[in-house]
1. Please enumerate the residues belonging to the stretch 323-340 that are over 23 Å from residue 276 (Cβ atoms) and surrounded by 21 or more Cβ atoms within 10 Å (Cβ to Cβ).
2. Would you mind stating whether residue 383 is charged (D, E, K, R), in the same structural domain as residue 284 (by TED's automatic domain parsing) and under 18 Å from the mean Cα position of the chain (by Cα)?
3. Checking the conditions here, which among 346, 252 is surrounded by 22 or more Cβ atoms within 10 Å (Cβ to Cβ) and either free of Cβ contacts under 8 Å to residues at least 24 places away in the same chain or assigned by TED's automatic domain parsing to the domain that holds residue 360 (or both)?
4. Just the residues that are more than 14 Å from the chain's Cα centre (by Cα) and in a loop (DSSP other than H, G, I, E, B), please, taken from the stretch 120-166.
5. In the stretch 1-22, what residues are outside any strand (DSSP E or B) and either over 28 Å from residue 71 (Cα atoms) or not assigned by TED's automatic domain parsing to the domain that holds residue 111 (or both)?
6. Aromatic (Phe, Trp, Tyr) and buried (at least 20 other Cβ atoms within 10 Å of the Cβ) - does that describe any residue in the stretch 382-391?
7. For residue 311, work out the one condition from (1) small (Gly, Ala, Ser); (2) touching a helix residue (DSSP H, G or I) at 6+ places or on another chain (Cβ under 7 Å); (3) surrounded by fewer than 20 Cβ atoms within 10 Å (Cβ to Cβ) it doesn't fulfil.
8. Listed residues 68, 96; which is among the small types (Gly, Ala, Ser) and exposed (fewer than 15 other Cβ atoms within 10 Å of the Cβ)?
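The values are calculated or read from the model by the stated rules, or taken from the named source; none is laboratory data. Only a predicted model underlies this, so the values are computations on that prediction, with no experimental measurement involved. So basically every Cβ, Gly included, is an ideal-geometry build from the backbone, and we count neighbours across all protein chains shown.
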Amino acid sequence: MAKLSRTLVLDKRIRSGITVPRQYLSGVDILHSHVGVPKMWVFKKGFDIAKAEHALGELLKHYPIVAGRMKKDEHGQVYIDGNDAGVDFRVYRCKGPLPYDERKQLGKDVKKFYEPLMMPWQIIGRDAPFFQATIHEYEDGGILLSTREVHSVFDGTSIISFLLDWSKLCRGLPITPLASFDRGVVIEAGRANANNIGFGGGFLHPPVGQAVAISARLGWRALTDMHKEIFRIPADAIQHWKTQAKAELPNAKLSTGKLLTAYVMRTLSPLMPTGMPRRVGIPMDMRFMGGQMVPRDYFGCALHHVSFELSERDVAHKSLAELAELCNPPADQVTPEAINQYLGMAESYRQKKAIWKLMYKPAVDTLDAGIVQNNVSTLPVYEIDMGRGPTDWYETWAMPNRMMTMLSTPTKDGGIDLHMSACRAEMGALRKRLVADGIV
């Protein structure tokens with residue numbers, strides 16, 4: 001990892017000029033934590049930085065809550081103070097040409113470009129912005145844009161909508177932001193179901209000692225043995241799987257996500273502990289789930305977590321198509337009743353200021369013998385155009401748990417870029433299998 005030669009030329013706090021009333025975080029927001037997840041956007045042709053700076057200020061007029069700060073009220077409840085304290089915008093000039101694209105990925109260099117993560121004690125009651133944009137401009141005009149958002153304020157749908165609107169303003173286009181900024185709709189839905197709670201498939205309330213041990217384990221793995229690699233799964237390989245599956249199971253509806261999940265699980269399972277079921281956790285967007293508990297245009301955190309199990313034997317012996325057919329969460333986890341129960345539990349614990357006692361069951365269950373599967377291939381990651389063409393390449397950092405994230409390829413040709421976080425041995429096994437099968 002070569003040393004980064006850069007000079008800071010702009011460090012600015014950008015504000016909207018608008019203040020708005022306080023907004024309490026929902027239990028779902030708080031459950032997803034205040035950690036900021038860095039994202040890297042490569043623009044080989046660069047863009048007009050002055051226009052981007054101006055557009056960000058204009059954007060905040062439509063999203064004034066993003067310029068606020070996290071605080072606690074006299075009862076200890078966490079809220080966003082819409083005080084227009086602003087977001088951070090930094091620009092560095094770098095020596096040499098832009099070195100990164102899909103052929104030369106950032107890899108470990110990601111660590112050069114993102115700010116340290118924010119823990120709750122670093123954001124609540126502090127002057128900590130919810131959004132940061134850092135630009136590294138190289139001598140050939142290429143730009144690496146690093147963004148970081150606080151997860152309790154944004155989920156994936158929210159941050160992509162925010163960035164798309166920023167890019168439209170950079171191009172002088174009108175925007176229609178997500179209209180529902182009121183987290184009260186989630187809080188009220190939770191209150192309405194406060195008597196209909198249960199742990200179900202979503203939550204765990206482990207003893208404090210066990211929770212500390214799980215968190216410590218995640219932290220230790222992240223520091224010592226979790227790695228990130230991106231594997232290109234071409235469209236023709238995916239189509240080959242689907243053709244084979246159709247011939248084998250004519251009535252099955254097997255998506256790309258199910259087939260790829262089955263492929264990865266079958267490859268990694270031999271390295272997982274024996275005698276345990278193989279589990280898959282899936283974050284799902286409540287905006288698009290049955291029952292419409294959360295508005296389609298909601299801005300906030302609207303993720304519901306589900307999971308399913310596969311037997312060790314099935315993973316070892318079933319065909320890819322047969323295994324993919326089993327890659328479904330139980331029906332009772334995705335019903336309106338399950339979502340109501342989930343919202344009720346989150347709100348009940350928020351009212352008691354006890355959200356910190358909860359953990360997402362899928363994340364814990366997949367630690368030993370499982371994978372978190374995050375399919376964001378429909379998010380328009382490669383439609384963010386700051387004025388001189390859309391993003392050429394996108395990356396993020398390694399997750400602390402075993403995770404497979406599926407994105408479309410930059411050309412949106414039907415292929416999938418598999419962003420894989422796993423330990424070194426697992427990553428080696430997956431790479432070897434993909435090569436042996438002629439996929440990469």
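1. Answer for the stretch 323-340, where residues must be over 23 Å from residue 276 (Cβ atoms) and surrounded by 21 or more Cβ atoms within 10 Å (Cβ to Cβ): 338, 339.
2. On the way: charged (D, E, K, R): yes; in the same structural domain as residue 284 (by TED's automatic domain parsing): yes; under 18 Å from the mean Cα position of the chain (by Cα): yes.
Answer is yes for this residue.
3. On the way: 252 fails: surrounded by 22 or more Cβ atoms within 10 Å (Cβ to Cβ).
Sole residue among the options that is surrounded by 22 or more Cβ atoms within 10 Å (Cβ to Cβ) and either free of Cβ contacts under 8 Å to residues at least 24 places away in the same chain or assigned by TED's automatic domain parsing to the domain that holds residue 360 (or both): 346.
4. Correct list: 124, 125, 126, 127, 128, 129, 130, 139, 140, 141, 142.
5. Initial filter on the stretch 1-22 (outside any strand (DSSP E or B)): 1-5, 15-19.
If the condition is that a residue be outside any strand (DSSP E or B) and either over 28 Å from residue 71 (Cα atoms) or not assigned by TED's automatic domain parsing to the domain that holds residue 111 (or both), then 1, 2, 3, 4, 5 are the ones that fit.
6. So the first thing to find is which residues in the stretch 382-391 are aromatic (Phe, Trp, Tyr), and the list is 382.
Those left that are additionally buried (at least 20 other Cβ atoms within 10 Å of the Cβ): none.
Looking through the stretch 382-391, none of the residues is aromatic (Phe, Trp, Tyr) and buried (at least 20 other Cβ atoms within 10 Å of the Cβ).
7. Among (1) small (Gly, Ala, Ser); (2) touching a helix residue (DSSP H, G or I) at 6+ places or on another chain (Cβ under 7 Å); (3) surrounded by fewer than 20 Cβ atoms within 10 Å (Cβ to Cβ), residue 311 violates only (2).
8. On the way: 68 fails: exposed (fewer than 15 other Cβ atoms within 10 Å of the Cβ).
After applying the criteria, what remains is 96.
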